[in-house]
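Student: I have a structure here, written as structure tokens, and I will follow up with some questions on it.
The values are calculated or read from the model by the stated rules, or taken from the named source; none is laboratory data. Source: prediction; values computed, not measured. Note that each Cβ is placed from the backbone with ideal geometry, even for glycine, and that neighbours are counted across all protein chains shown.
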Amino acid sequence: MDYETIATLVEALVPTAKEAFNEAVTLPGLRAASAAVLGKDGAINPILKSLGELNADQRQDLGRRINEAVDEIHKAFEIVFKAISRRIEDSEQEASFKGTVDDALFWKMRASKFEKALRTIAVMLNPSLEGCDYDPAQAAVNEVRHMRDSRPL
């Protein structure tokens, strides 16, 4: 390959890599896209092999351009890697939040059953409480509500 052909391939390397990275949806897909560009059998390998056909000045110039392109590709990889990782993290947090909401509903139902049981026990222990405005069991009920509401989600 001649100098101009190799230079054109080097210039096309970064946009091609960025496009492949942006199409990746998962981390394994992103790694596969990276390998397709920078891996042993990737797009960069024939370019590197063809450098030996050039004179020293051309090799030095294209070597610098290749290094710059590889640095830019690594930066693009990191950006997409972080974006996919954040998306995974967000979906895990969403699932965790759903679990937290389910836990809160569970404890709310348990507390309401507990409140009914406390009232029943208080009336059984002291039948005079049944018609009273002041319910001594209410203190226990309030404590249960306080514990339920102050429980970290």
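Student: Out of segment 13-33, which residues are of a type outside the set (A, V, I, L, M) and part of a helix (DSSP H, G or I)?
Tutor: Pro15, Thr16, Lys18, Glu19, Phe21, Asn22, Glu23, Pro28, Gly29, Arg31
Student: Looking at Asp90, Asp41, Asp2 in this structure, which one is closer than 30 Å to Asp149 by Cα and modelled with pLDDT under 90?
Tutor: Asp90
Student: Shifting gears a bit: How do the pairs read when you match residues in segment 73-87 that are at pLDDT below 95 with residues anywhere that are of a type in the set (Ser, Thr, Tyr), using Cβ under 6 Å and keeping only pairs 6 or more apart or on different chains?
Tutor: Partner pairs satisfying both residue conditions: Phe77/Ser34.
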